[in-house]
Amino acid sequence: MVNARIIVALDLPTSVAAMAMATQVGPHVAGFKIGLGLLHGPGPKLIEDLTDLGKPVFADAKLHDIPSQVAAAARNLGDHGARWVTVHAGGGADMMAAAVAGLAETSPHSGVLAVTVLTSLEAGSLADVGIDATPQHLVARMAKSAAAAGCEGIVSSPNELSVVAASAPGLLRVTPGIRQGESNDDQARVATPAAAIAAGADLLVVGRPITQAPDPVAAAAEIAALSSSSP
C-alpha cells in the first residue's frame with residue numbers, strides 16, 4: 001500500500017545503497033529524501049535516478065547563503081528533478097524568496113521548504129548560540145516569514161506543528177523526528193507517526209526507523225499502516 005504521507009530519508013553511504021533501499025521500500029512510501037551526505041557525495045545526479053523510480057524526490061540541501069547563490073543552487077537542483085528543495089529559514093525572507101524564484105525557473109511545479117529549528121536542538125541549544133526564544137516561538141516567526149517569501153511549506157519537529165498551523169495555515173507541514181519508542185539517536189524533539197499526524201503533519205520524514213530496521217520493507221509497511229490509520 002502506498003502511503004501518501006511518508007518520505008523515506010535515504011541517509012545511506014552510497015548511491016548504490018540509496019537506490020537499493022528506495023527500490024525495496026518504494027511501494028510503501030510517497031517519496032524519497034536525500035540529504036547533505038549524498039548531495040555532497042554522489043551528487044545531484046542521484047535525484048534524477050530516484051525520480052526514475054516514479055516518486056517525488058526531496059533534496060534536503062538546507063541552503064543558507066546570499067540570495068544569488070541560493071537561487072543558483074535551487075535552480076540547479078530543480079533542473080535535476082527535485083520536487084522539493086530545503087533552505088534554512090534563518091537565512092531570511094530575501095534568501096527564501098530567491099530560492100523560490102530560482103527553483104521556478106527550471107521546475108515550476110516544485111516548491112521550497114523552509115527548515116525552521118532542527119530537531120536536534122532544544123531551548124538550551126538555542127540559548128548557547130545567542131537565541132533567546134523557545135523553539136515554538138522561533139518556529140512561529142519563521143513560518144510567517146516563509147509564507148511571505150512564497151515557500152510551499154516548512155520543516156519542523158512535531159512539537160511545533162500547532163504553532164505553524166496558527167501562524168501560517170497555508171504551508172505544507174513536513175515533520176522529521178519520527179520515532180516509535182526506539183532510541184532517539186541525535187534527535188531531541190520527536191513523536192510517533194500517529195502523534196505527528198494528529199498534531200497536523202502533512203508529510204512524515206522517516207529515516208533510520210526504516211533504513212536501519214532488520215527488515216526495512218516490513219518497517220516501512222508498518223509505519224505506513226500506522227500513518228494511514230491516524231486522523
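For region 22-46, a residue qualifies if it is of a type outside the set (G, A, S) and farther than 24 Å from A201 by Cα, and the qualifying residues are T23, Q24, L38, L39, H40, P42, P44, K45, L46.
What single numbered condition from (1) buried (at least 21 other Cβ atoms within 10 Å of the Cβ); (2) of a type outside the set (S, T, N, Q); (3) outside any helix (DSSP H, G or I); (4) modelled with pLDDT under 95 fails to hold for C151? All conditions pass for C151, except number (4).
Taking the condition modelled with pLDDT under 85, in a loop (DSSP other than H, G, I, E, B), small (G, A, S) and under 26 Å from L226 (Cα atoms), does G181 pass? Yes; evaluated as a whole, the condition is true for this residue. Quick check: is even one residue across region 157-164 over 15 Å from the mean Cα position of the chain (by Cα) and either at pLDDT 95 or above or not in a helix (DSSP H, G or I) (or both)? No; the residues of region 157-164 include none that is over 15 Å from the mean Cα position of the chain (by Cα) and either at pLDDT 95 or above or not in a helix (DSSP H, G or I) (or both).
Of A196, A201, A218, A225, all but one fail to be modelled with pLDDT of 70 or more, under 23 Å from V112 (Cα atoms) and assigned to a helix (DSSP H, G or I); the exception is A196. Of the residues making up region 11-54, those that are in a helix (DSSP H, G or I), more than 17 Å from S110 (Cα to Cα) and of a type in the set (V, I, T) are V16, T23, V25.
One line per residue, one yes/no per condition, for (1) farther than 30 Å from H137 by Cβ; (2) β-branched (V, I, T); (3) touching a Gly at 6+ places or on another chain (Cβ under 6 Å); (4) surrounded by 22 or more Cβ atoms within 10 Å (Cβ to Cβ):
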| position | (1), (2), (3), (4) |
| --- | --- |
| H64 | no, no, yes, no |
| S68 | yes, no, no, no |
| R75 | yes, no, yes, no |
| H80 | yes, no, no, no |
| G102 | no, no, no, yes |
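Could you please let me know if P108 is farther than 21 Å from G207 by Cβ, out of contact with any Pro (no Cβ under 6 Å at 6 or more places or on another chain) and assigned to a loop (DSSP other than H, G, I, E, B)? Yes: the conditions hold for P108.
The set of residues from region 157-175 being out of contact with any Leu (no Cβ under 6 Å at 6 or more places or on another chain) and within 17 Å of S120 (Cβ to Cβ) comprises S157, P158, N159, E160.
Any residue at all in region 50-60 that's of a type in the set (D, E, K, R), buried (at least 20 other Cβ atoms within 10 Å of the Cβ), in contact with a helix residue (DSSP H, G or I) (Cβ under 9 Å, 6 or more places away or on another chain) and at pLDDT 95 or above? Within region 50-60 (the criterion being of a type in the set (D, E, K, R), buried (at least 20 other Cβ atoms within 10 Å of the Cβ), in contact with a helix residue (DSSP H, G or I) (Cβ under 9 Å, 6 or more places away or on another chain) and at pLDDT 95 or above), the answer is yes, since at least one residue qualifies. Restricting attention to region 117-134 and to residues that are within 17 Å of the chain's Cα centre (by Cα) and touching a residue at least 12 places away in the same chain (Cβ under 8 Å), the residue that is nearest to K62 (Cα to Cα) turns out to be V117.
The values are calculated or read from the model by the stated rules, or taken from the named source; none is laboratory data. Not measured: the values here are computed from a predicted model. Positions of Cβ are backbone-derived with ideal geometry, glycine not excepted, and every protein chain shown enters the neighbour counts.
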